[in-house]
Amino acid sequence: MPRSPASLPLFPASSGKREKPGRPELPRPAASRRRQLWLCLDFYRLPLEVFAIDDGRTPLGVVEGEKGGLRISQCNEAAAREGLHPGLPLNAALALSPSLAVRERNPEREANALERLAAWACQFTDLVSLEPPHRLLLEIRGSLRLFGGLASLCRQVHGDVEAMGYTLSLAVAPTPRAAAWLCSARQDAMVTDPALLSGRLAELPLACTGWTADIVERLNAMGVLTVGDCLRLPREGFARRLGYARLKDLDTALGRRIESRRRFSVSPVYHGELELLAETLDRERLCRAMERLLEELQGLLRSLQKGVQRPVFGFVHEDGVQELALGLAEPTADADFLTDLLAERLEHCRLEKPVTDLRLDSGPLADLPGTPLGLLLDGKSAGRDAEAGRRLVDRLRARLGREAVSGLCLLAEHRPEAAWRLVEPGTISLEEGDSGRPFWILEKPRELTCRDGRPWLEGPLEIEGGCERIETGWWDGLDVARDYYVARDPGGARVWLYRERRPPARWFLHGIFG
Amino acid sequence: MKAGLDELLSHPRIWRGRHAPRDVETLSSGHPPLDQVLPGGGWPRAGLIEILVERWGTGELRLIVPLLQHFSRNEGQAGERGWIAWIAPPYVPYAPALADAGVDVSRVLLVHARDDVRSLWATEQALRSAGCEVVLAWADKAAGQSLRRLQLAAEENGLPVILFRPAAALEAPSPAVLRLHLAAGDQACLAVVKSRGGRPARLPIRDLFDQVHA
């Protein structure tokens with residue numbers, strides 16, 4: 001490494017002996033602080049991806065610039081195939097691709113999406129920091145063991161992001177600034193050893209630093225092309241010419257100066273929106289698109305260790321919103337399960353109009369039933385019968401309707417028709433059963449005709465015995481006075497009937513012994 | 001010599017009457033005469049069991065109540081308490097009678113379905129959910145295809161599913177592991193129409209339920 005004797009290196013090559021530099025003072029290394037490891041997530045296609053999930057067919061371009069001078073700032077692959085590229089004036093782009101869907105860049109939407117992604121990222125660590133416009137910084141040193149190591153953590157991040165339909169580039173470094181710079185290079189660099197950091201950073205072109213184009217051009221004109229070139233410049237001169245802030249950037253990237261990052265705090269409700277590229281009634285597409293919002297919601301729920309019980313799905317069409325609310329037997333944080341339930345519900349409900357936008361509201365969050373964190377992280381937490389049982393109830397209700405699924409309970413009551421009730425499944429009864437009762441009950445006793453003084457049910461009924469008198473209920477006006485008998489019908493079934501003790505002394509069928 | 005013969009006879013492709021294949025687990029039906037004619041000495045632990053009846057209410061519930069009692073009892077492991085699912089029953093099961101017969105009413109899951117397609121779907125969901133101990137289902141019409149799905153789902157998940165159908169279905173073939181026909185009337189009897197690894201048999205109802213009639 002040639003070095004002019006007059007120039008004082010900005011950072012000495014990492015040897016044991018450190019030369020005492022001139023002003024400005026070289027900050028002391030941050031060895032006293034606990035070692036950190038930062039993961040930078042760069043959603044570099046966010047301006048495009050906030051608008052829709054790419055269906056691979058519709059060309060879409062996001063434009064920005066002054067009125068009249070709008071230029072393409074990002075376009076999807078379908079548009080790129082038609083010859084579009086960033087920087088192209090909108091007029092030229094429309095000439096190339098007449099069917100191009102055009103959206104003006106929407107920084108507010110991008111900021112909202114980044115915050116939702118930050119909430120999702122909180123499941124991986126308690127220190128997530130926003131790096132607008134489209135990056136997140138996560139301190140992950142403490143999370144590595146929980147997620148089974150760096151590679152496994154990154155795999156999970158990639159998997160989730162893919163499921164949400166975003167494009168991601170990531171990098172790992174001992175300092176947040178270095179992670180962000182490495183991330184700009186889009187090489188998925190993983191630098192865990194601080195000793196190797198300066199070497200890796202030195203290779204980066206200056207564009208990765210995020211400094212203004214003006215400054216980068218000035219440096220390039222001086223023959224300073226990479227971060228490494230910068231590091232060989234004298235500190236004092238560098239700071240004087242390019243601003244003290246630039247020097248600070250280099251110090252923080254190398255970990256000589258601590259950068260304090262602002263912690264992102266999760267808001268305890270979720271509201272997500274997603275525009276569809278083309279309006280649709282296709283349930284499968286709607287479900288797939290909703291998966292992104294559900295995946296974001298799942299991340300938020302995991303970080304808070306909460307669940308949703310009454311999520312509301314909104315399908316926005318030109319005249320309003322059609323809402324679909326789910327009511328679950330118990331709170332859940334499982335996106336796959338919610339997707340399944342939504343698919344079931346959608347299959348059986350009529351969408352009023354073609355849908356243009358999707359919404360998802362978490363509703364109030366609730367504590368998860370005592371599920372250990374380890375199970376939660378596996379994603380597939382089904383397996384315990386109790387939980388699988390409750391999920392079955394939810395699944396059946398999603399398709400058949402809420403009333404279609406119920407449990408039974410016993411009530412302390414002598415009138416046979418009032419001794420039981422349909423209840424929420426799993427309700428424990430404290431009462432004891434009654435002997436001599438049939439297994440099937442008619443919800444309403446059925447009046448029987450009489451022939452020759454004998455009750456008749458597709459033939460004469462042969463009384464086998466068992467006269468039981470039930471007289472009760474005088475206090476609430478629904479009093480009964482009946483004599484119950486067991487009889488056999490001509491088809492061979494044993495039935496339970498009664499005769500009123502008061503005139504007109506009709507016969508009723510009340511149950512079947514089965 | 002004997003060992004060699006046993007080895008030969010244990011080959012899965014050799015069928016011997018009245019002997020269940022070795023790996024089939026069974027549960028006592030609670031009716032000794034029935035256990036005697038069922039291969040392996042009871043209900044198969046997993047798979048589709050069809051009970052065909054002339055009319056609802058001719059004894060089909062009494063037939064299976066001991067099985068429901070069995071599933072009500074096994075509360076040893078806290079996590080293993082699944083539903084006793086009743087899917088599309090023709091009437092409402094009467095809770096006081098079930099409780100009296102030793103069935104845990106709090107574990108009964110009643111599912112109402114508008115048609116056979118929905119009830120067969122619900123049955124399959126119940127089998128695949130890992131949340132049930134046993135599934136009882138009622139259907140008037142069921143295509144061979146959907147029966148095969150039930151049989152497969154039951155076998156894969158190690159659960160018994162008992163499907164009650166009208167006797168008219170006797171003529172159609174079925175992939176069920178066990179098929180019983182409950183004939184009512186004067187010659188009331190229970191016929192084992194098909195049993196994997198067993199033989200057809202016929203039992204007078206009086207032998208089965210004599211304790212009730214006594």
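Just a few scattered comments:
- Full-stretch length increase - residue A:192, residue A:305 - with 0.36 nm per residue and alpha-carbon distance subtracted: 37.8 nm
- The range A:112-128 - phi-based ³J(HN,Hα) in whole Hz, Karplus 6.51/-1.76/1.60, Gly and Pro as x: 5, 4, 5, 5, 5, 5, 5, 5, 4, 5, 4, 6, 8, 7, 8, 10, 10
- In the range A:305-367, trypsin sites (Lys or Arg not before Pro) in a DSSP loop with at most 14 other beta-carbon atoms within 10 Å: A:350
- DSSP finds beta bridges in the range A:52-105, and of those with both partners inside it, around 55 percent are antiparallel.
- Rounded to the nearest 20 debye, dipole of chain B from Cβ charges on Lys, Arg, Asp, Glu: 460
- Long-range amide H partners of residue A:276 with built H, under 5 Å: A:357, A:358
- Residue exposure sequence - A:222, A:290 - by fewest surrounding Cβ within 10 Å: A:222, A:290
- Cysteine residues of chain A whose C-beta has no other cysteine C-beta under 4.7 angstrom: A:75, A:122, A:154, A:208, A:230, A:287, A:349, A:409, A:450, A:467.
- Remark: relative contact order (chain A) = 12 percent; criterion is Cα-Cα distance under 8 angstrom and separation of 6 or more residues.
- FRET efficiency for the pair residue A:467 and residue B:45, taken as 1/(1 + (r/R0)^6) with r the Cβ-Cβ distance and R0 = 35 Å, rounds to 0.25.
- For the range A:429-512, the gyration tensor built on C-alpha atoms gives an oblate shape. Its axis ratio a/c (a ≥ b ≥ c) is at least 1.5, and a/b is not larger than b/c.
- Simple spin-label estimate for residue B:148 and residue A:91 in nanometres, 7 Å along Cα-Cβ: 6.5
- Net charge contributed by nearby residues that have their C-beta within less than 11 Å of residue A:439 (K/R +1, D/E -1): +1
- Chain B: relative contact order as a whole-number percent, Cα under 8 Å and 6+ apart: 27
- Each of A:478, A:107, A:206 was placed along the dipole of the protein assembly as shown (beta-carbon charges, centred on the mean Cα), and the one lying farthest toward the positive end is A:206.
- For residue B:26, residues with placed amide H under 5 Å, excluding near neighbours: B:45
- Reachable aspartates and glutamates from residue B:141, criterion Cα separation under 16 angstrom, eight or more residues apart if same chain: B:50, B:54, B:115, B:116, B:124, B:171
- Fewest-first ordering of A:332, A:209, A:252 by other beta carbons within 10 Å of each residue's beta carbon gives A:252, A:209, A:332.
- Here the 3J(HN,Hα) profile of the range A:396-409, calculated from phi with Karplus coefficients 6.51, -1.76 and 1.60 at θ = phi - 60°, is 5, 5, 4, 9, 9, x, 5, 6, 6, 10, 8, x, 10, 9 Hz, Gly and Pro shown as x.
- Angle of helix A:335-347 to the longest C-alpha principal axis of chain A, folded into 0 to 90 degrees and rounded to 10: 50°.
- Percent antiparallel among DSSP beta bridges (both partners in chain B, rounded to 5): 30
- For the range A:426-452, backbone nitrogen atoms closer than 13 Å to the point 7 Å from residue A:483 Cα along Cα-to-C-beta are found at no residue.
- Estimated [θ] at 222 nm from DSSP helical runs (n ≥ 4, -39500 (n - 2.57)) normalised by residues in chain B, nearest 500: -9000 deg cm²/dmol
- Those aspartates and glutamates that a straight Cα-Cα span of less than 14 Å connects to residue A:248, excepting residues fewer than 8 apart in one chain: A:25, A:236, A:259
- Applying 0.36 nm per residue to the separation of residue A:240 and residue A:265 and subtracting their alpha-carbon distance, the gain on full extension is 5.2 nm.
- Proximal charge balance of residue A:502 [Cβ under 12 Å; K/R count +1, D/E count -1]: 0
- Taking only the C-alpha atoms of the protein assembly as shown, Rg followed by Dmax gives 36.3, 128 Å.
- The range A:78-221 shape via C-alpha gyration tensor axes, a/c threshold 1.5: oblate
- Share antiparallel - DSSP beta bridges, the protein assembly as shown, percent rounded to 5: 75
- Pair residue A:430, residue A:256: separation of 7 Å Cα→Cβ label points (nm): 7.5
- Net charge of the neighbourhood of residue B:42, taken over other residues with C-beta under 12 Å away and scored Lys/Arg +1, Asp/Glu -1, is -1.
- Theoretical FRET efficiency, 1/(1+(r/R0)^6), r = Cβ-Cβ of residue A:458 and residue B:117, R0 45 Å, to 0.05: 0.95
The numbers here are math on the coordinates, done by the rules we state, and not lab data. Small disclaimer: the values here were computed from a predicted structure and weren't measured. Here the Cβ is made from the backbone with ideal geometry for all residues, glycine too, and neighbour counts use every protein chain on show.
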